[in-house]
1. Can you tell me which residue is farthest from the ligand (Cβ to nearest atom) among those in segment 134-161 that are within 21 Å of the chain's Cα centre (by Cα) and over 29 Å from Ala198 (Cα atoms)?
2. Taking segment 293-322 as the region of interest, how many residues are of a type in the set (Phe, Trp, Tyr) and surrounded by 22 or more Cβ atoms within 10 Å (Cβ to Cβ)?
3. How many residues does segment 158-208 hold that are surrounded by 14 or more Cβ atoms within 10 Å (Cβ to Cβ), closer than 30 Å to Phe390 by Cβ and among the charged types (D, E, K, R)?
4. Take the residues of segment 42-64 that are over 30 Å from Val25 (Cβ atoms) and hydrophobic (A, V, I, L, M, F, W, C): which is nearest to the chain's Cα centre (by Cα)?
5. Could you identify the single residue in Ala364, Ala314, Ala352, Ala309 that is aliphatic (A, V, I, L, M) and in contact with a Leu (Cβ under 8 Å, 6 or more places away or on another chain)?
6. What tally of residues in segment 229-256 results from selecting those that are crowded, with 18+ Cβ neighbours inside 10 Å and either without any contact (Cβ under 8 Å) to a residue 12 or more places away in the chain or under 24 Å from Thr153 (Cβ atoms) (or both)?
7. Of everything in segment 367-410, what is assigned to a loop (DSSP other than H, G, I, E, B), charged (D, E, K, R) and surrounded by 21 or more Cβ atoms within 10 Å (Cβ to Cβ)? Give them in sequence order.
8. With respect to Arg103, is the statement that it is farther than 23 Å from Val425 by Cβ, modelled with pLDDT of 95 or more and buried (at least 17 other Cβ atoms within 10 Å of the Cβ) true?
Amino acid sequence: MLLVQRYRAALAEARERTLALVAPVSEANLNSQHHPLMSPLVWDLGHIAAFEDLWLCQRAGGLAPLRDDLSEVYDAAETPRAQRSEIPYLRRNEALVYMAHVRERALEVLENADLSPGVSRIDDPAVSLNADGFVWEMLVQHEHQHNETMLQTLQLVGPDVYSPPRRGLPERKPEAGPLTVHVPDGPFAMGDPGLGFAYDNERPRHEVHVPGFHIDRTPVTNGAYLEFVQDGGYANEELWSSEGWRWRTGEQIERPLYWDAEGNERRFELVMPVEAEMPVMHVSFYEAEAFARWRGARLPTEAEWEKAAVFDPASGSVRRQPWGEEVASPARANVDQMAFGPAPVGSLPEGASPCGALGMIGDAWEWTASGFEPYPGFSPFPYREYSEVFFGGPYRALRGGSWATRPSVARATFRNWDHPERRQVFTGFRCAQEAP
Ligand SMILES: [Fe+2]
């Protein structure tokens, strides 16, 4: 009964946040597609509900679809984002009614669901989706993840559409410290241990030998990135990969996405001078790579990133999060849409990882050097379209979550991925170097 109550509360809380995020958006802005990269916001709302109907009501509860006519409209794989303005998606009021109706059905299923523990589901996809509440947690996190995509859209649309419901951050000062910290040579356990919820791509946990290296103590700051810009980094072909240079010159990229030529940065409706101590954000993988080369460094691999985040050399074991086992809290990580922007780098010392790295979770996602690939022994669960169809593609793995990520998703083993040229994600990076 305890799990049933927990998911009833978690579903309600997720919905409350989704509706609060879009409350300041006008009906017209909610209904229209603003950018070919992103869905109309109201499509996200209908999709959240359609996904809930599919997994909770139909697959876990055995019900017939509530609206059979909508399943294709809201199938992310069937309708690429660029085409989502042409499909008959529900407009605001109908979408809100549909969301509420699906939720009512889902809660009825939940009341009668058997959420008792099952065996390791990843090894046996036939085991009930309900075991341990797996599919219920997946649906909560799916809605959480769409919150962040919707915020990417709202940031992308320009200054006149959205004034976010900011809750603010405590006043924080960055603490001085070394540029890099050392992570010792040796094996560590990478990936999710298989208890509780994680996506298939985080599993199985496996041992990886990572040679010793140095990693930046904090994400790269706006101030450091500005030096790269002023040093002619965007004009120096030698710093760029050939694909990166082709992209940069083809798109005439000169600076991060939301910087202007006058030295300002836009965050939703606010335009302010670029703040030196904030993490640089909204740069592509190619820009991150060029900066790293300019600094005589490189981007960390996913394994290096995760080892720096959670490996404790004193015990030889890994933590769930950089600071320990607990989920992210405001003192340890800037997540959960508090200020709708990052905090100064290095300002949350309680969030330090065992090697002394700060800000591994929250503020900005971090590009890694790694492509998005399965771990050894990967098995798709519960559906191939979440991860498997993306493996081996042109994507680069992103780690650590951002200020827009909800705490459930902001975990050290979580893997995100995107095209190397994309800049709308709330992403920055940090550099790595060989140990001298
Ligand atoms: Fe989705």
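1. Val157
2. Looking only at that region, the number is 2.
3. 5
4. Ala60
5. Details: Ala364 fails: in contact with a Leu (Cβ under 8 Å, 6 or more places away or on another chain); Ala314 fails: in contact with a Leu (Cβ under 8 Å, 6 or more places away or on another chain); Ala309 fails: in contact with a Leu (Cβ under 8 Å, 6 or more places away or on another chain).
Within the list Ala364, Ala314, Ala352, Ala309, the selection yields Ala352.
6. 4
7. As a first pass, look at segment 367-410 and keep what is assigned to a loop (DSSP other than H, G, I, E, B): 372-387, 391-395, 400-410.
Checking which are charged (D, E, K, R) leaves us with 373, 384-385, 406.
If the condition is that a residue be assigned to a loop (DSSP other than H, G, I, E, B), charged (D, E, K, R) and surrounded by 21 or more Cβ atoms within 10 Å (Cβ to Cβ), then Arg406 is the only one that fits.
8. Details: farther than 23 Å from Val425 by Cβ: yes; modelled with pLDDT of 95 or more: yes; buried (at least 17 other Cβ atoms within 10 Å of the Cβ): yes.
Considered against the rule, which asks whether it is farther than 23 Å from Val425 by Cβ, modelled with pLDDT of 95 or more and buried (at least 17 other Cβ atoms within 10 Å of the Cβ), Arg103 comes out as yes.
The values are calculated or read from the model by the stated rules, or taken from the named source; none is laboratory data. Predicted model only: the values in this text are computed from it and were never measured. Neighbour counts run over all protein chains shown; Cβ positions are idealised from the backbone, glycine included.
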